[in-house]
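The values are calculated or read from the model by the stated rules, or taken from the named source; none is laboratory data. As the structure is a computational prediction, the values presented were derived from the model and not from experiment. When we count neighbours, we look across all protein chains shown, and the Cβ atoms used for this are built from the backbone with ideal geometry, even at glycine. Note: areas computed on protein heavy atoms with side chains; ligands, DNA, RNA excluded. Shrake-Rupley method; radii C 1.70, N 1.55, O 1.52, S 1.80 Å.
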Amino acid sequence: MTDFFKGIPAIRFEGPDSTNEFAFRHYNPDEVILGKRMEEHLRFAVAYWHSFAWPGGDPFGGQTLDRPWFGDTMALAKLKADVAFEMFDILGAPFYCFHDADARPEGATFAESLRNLEEIVDYLGEKQAGHKARLLWGTANMFSHKRWMSGAATNPDPDVYAYAAANVKANMDATHRLGGQNYVLWGGREGYETLLNTDLKAEREHAGRFLQQVVDYKHKIGFKGAILIEPKPQEPSKHQYDYDVATVYGFLVQFGLEKEVQVNIEQGHAILAGHSFEHEIALAASLGIFGSIDMNRNDYQSGWDTDQFPNNHAEKALAFYEILRAGGYTTGGTNFDAKIRRQSLDPEDLILAHVGGMDTCARALKAAAACLEDGGLETARAARYAGWQTPAAKAMLEGSLEQAAARVTAEGIEPQPKSGRQERLENLWNRFI
């Protein structure tokens, strides 16, 4: 045991009336909702990068957080893992996620970095054997180092493409060894700054071929988890090739991967793309590519991805409603891709940020489940589209444009507007929030 979280108790469920800040008010992992335990619905994960690797910097200032494991030695990397699993235990978190660069020191060469990764993966495996938390997904950091400044799979230099392949192979192997349930590709710099120096067609084709190679390797090693792409519209690249769910789906279809690859959707990224979180989830589910989510929130007065912990259960309930409508997670989960503020210096701040986020999600899940179980929204939705269940409507879809047009004169059709009843349905929704 380390002493970083000394004096902080394991967080237990005490109910909504509790005044103990080190307790859950809404997250009761054993509470059964729609026939499944809450823990199994939410599948919470802690993000290694924000919770243990982020130094507290922002675009205008450097490090504010001083952690005893910060450094570039394997001993400190193992101390970081010790602290991480202590935190997972305190929270009762069933999962965690990491990039390679979060967990191991960067070596002077790729071979050295690979040795460091393999050593820390062995250590993480030992930690998993003695603790509850398991790996939800792994990924490779191919955006921080200067070698990635012009992209990874989309880089104009084929040597960088090869380096990216080596990184992804190593991290897929690591994820597989640790029993990870997914592997994520976030194209942090898979985009461009200006068309004046960019061959957009070539870059997209290289990215597509890279993903095909990733899928082929998944099957070769027998990895049973999902391959996930995380859409993001901008930041750091001005134009990202994985802008949003719709863009990613078009990309997958172009390269024949829509049955092989799913999406990991982040709240903050959805907002930056001009969408709502629930829209991106619902669209992914309708296209058959919904996989997992990164849970956080943006500051709506700021124009970038602030990665704050969620604190608005009414907003998140809309997202969980769509997840429940889609049948819930399979291999995915609710990963807190969120960081404490750079002024939040204490170990307690790190724990309580997750407590608040977990409670917010639990409260949102309960509201969404109650509304879905009530059935009022789904009854209204079905009634609105009931006309499409008639034989004439079904025949119209199967027939030609001329046959559809002929109905207007043959049947004297003169459609009249019908209310969408939005306000009534909003009132119904608010009964459960």
Fill in: Nonlocal amide H pairs with MET295, under 5 Å, H built at 1.01 Å
ASN335, PHE336, ASP337
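Of all the accessible heavy-atom surface of the chain, with the other protein chains kept in place and a 1.4 Å probe, what percent is carbon and sulfur? Show your work: numbers first, answer last.
Working: 10660 of 20420 Å².
Answer for the chain: carbon and sulfur cover 52 percent of the accessible area.
Please work out the Kirkwood hydrodynamic radius for the stretch 129-213, using every pair of different C-alpha atoms, and report it in angstroms with one decimal place. List each step's numbers first, then the result.
Working: mean 1/r = 0.0721 Å⁻¹.
Every distinct Cα pair counted, the radius reaches 13.9 Å.
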Discussion item. With unit charges on the beta carbons (Lys and Arg positive, Asp and Glu negative) and the dipole taken about the Cα centre of the stretch 199-354, which residue among GLN308, ILE265, PHE336 sits farthest to the positive side?
Written reply: ILE265
Item to complete: For the chain, just list the percent of Cα-Cα distances falling in each 10 Å bin from zero outward, please.
Response: 4, 20, 29, 25, 13, 6, 3, 1, 0
Response to the item:
Between the alpha carbon centres of the stretch 155-170 and the stretch 292-322 the gap in Å comes to 33 Å
Fill in: Distant-in-sequence amide H partners of ARG12 (H built 1.01 Å from N, under 5 Å)
PHE24
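Specify whether the C-alpha gyration tensor of the stretch 185-284 places it in the rounded, prolate or oblate class, a ≥ b ≥ c being the square roots of the eigenvalues: rounded for a/c under 1.5, otherwise prolate if a/b is larger than b/c and oblate if not. Could you put the intermediate results ahead of the total?
Working: a/c = 2.03, a/b = 1.14, b/c = 1.78.
Taking the square roots of the gyration eigenvalues as a ≥ b ≥ c, the stretch 185-284 is oblate.
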Response to the item:
In whole angstrom, the spacing between the Cα centers of the stretch 8-23 and the stretch 383-425 equals 54 Å
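Let's see if you can work this out: charge +1 on each Lys and Arg Cβ, -1 on each Asp and Glu Cβ, no other charges. What is the dipole magnitude of the chain about its Cα centre, in debye to the nearest 20?
Details: 44 positive and 60 negative charges, 151 e Å.
Taking the Cα centre of the chain as origin, the dipole is about 720 debye.
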Worksheet entry | Relative packing of 224-230, 30-36, 158-164, 337-343, which averages over residues the other C-beta atoms within 10 Å, highest first | 224-230, 337-343, 158-164, 30-36
Item to complete: Find which of GLY125, HIS145, LEU211 sits farthest along the positive direction of the dipole of the chain, computed with +1 on the beta-carbon of Lys and Arg, -1 on that of Asp and Glu, about the Cα centre.
Response: LEU211
Worksheet item: Restricting attention to the alpha-carbon atoms of the stretch 60-192, what are Rg (one decimal) and Dmax (integer), both in Å?
Response: 15.4, 46
Response to the item:
For ILE229, other-chain or 5+-apart residues with amide H closer than 5 Å (H placed, Pro excluded) are LEU185, GLN262, VAL263, ASN264
Worksheet item: Which value, in debye to the nearest 20, describes the size of the charge dipole of the stretch 80-154 about its Cα centre when Lys and Arg Cβ atoms bear +1, Asp and Glu Cβ atoms bear -1, and nothing else is charged?
Response: 260 debye
Worksheet entry | For the stretch 246-325, alpha-carbon Rg relative to the globular expectation (2.2 N^0.38 Å, N residues) | 1.12
Worksheet item: Considering only Cα-Cα distances, which of the following residue pairs are longer than 19 Å: LYS316/LYS366; LYS80/LYS339; LYS6/LYS80; LYS218/LYS238; LYS201/LYS238; LYS80/LYS127?
Response: LYS218/LYS238
Item to complete: Provide the per-residue ³J(HN,Hα) series for the stretch 361-368, in order, calculated from phi with Karplus coefficients 6.51, -1.76, 1.60 and θ = phi - 60°, each as a whole number of Hz, with x at glycine and proline positions.
Response: 5, 5, 5, 5, 4, 4, 5, 5
Discussion item. No solvent, one uniform scatterer per C-alpha: report log10 I(q)/I(0) for the stretch 289-336 via the Debye equation at q = 0.16, 0.21, 0.24 1/Å, two decimals.
Written reply: -0.51, -0.80, -0.96
Worksheet item: Roughly how many Å is it from the Cα centre of the stretch 250-285 to that of the stretch 50-71, as a whole number?
Response: 30 Å
Practice prompt. List, in order, the whole-Hz ³J(HN,Hα) value for each residue of the stretch 326-343 obtained from phi through the Karplus relation with A = 6.51, B = -1.76, C = 1.60 and θ = phi - 60°; use x for Gly and Pro.
Written response: 7, x, x, 6, 10, 8, x, x, 9, 8, 7, 7, 9, 10, 5, 6, 5, 8
Item to complete: Any lysines with Cα under 24 Å of the LYS220 Cα? List them, leaving off those in the same chain fewer than 8 positions away.
Response: LYS169, LYS259
Worksheet item: Any idea what diffusion coefficient the stretch 1-76 gets from Stokes-Einstein, in µm²/s, Kirkwood Rh on alpha carbon pairs, 37 °C, 0.692 mPa s?
Response: 206 µm²/s
Response to the item:
For the chain, averaging the sequence separation of alpha carbon pairs under 8 Å that lie six or more residues apart and dividing by its residue count, the contact order in percent is 15 percent
Fill in: Overall Cα dimensions of the stretch 100-170 - principal axes, largest extent first, Å
45, 24, 18
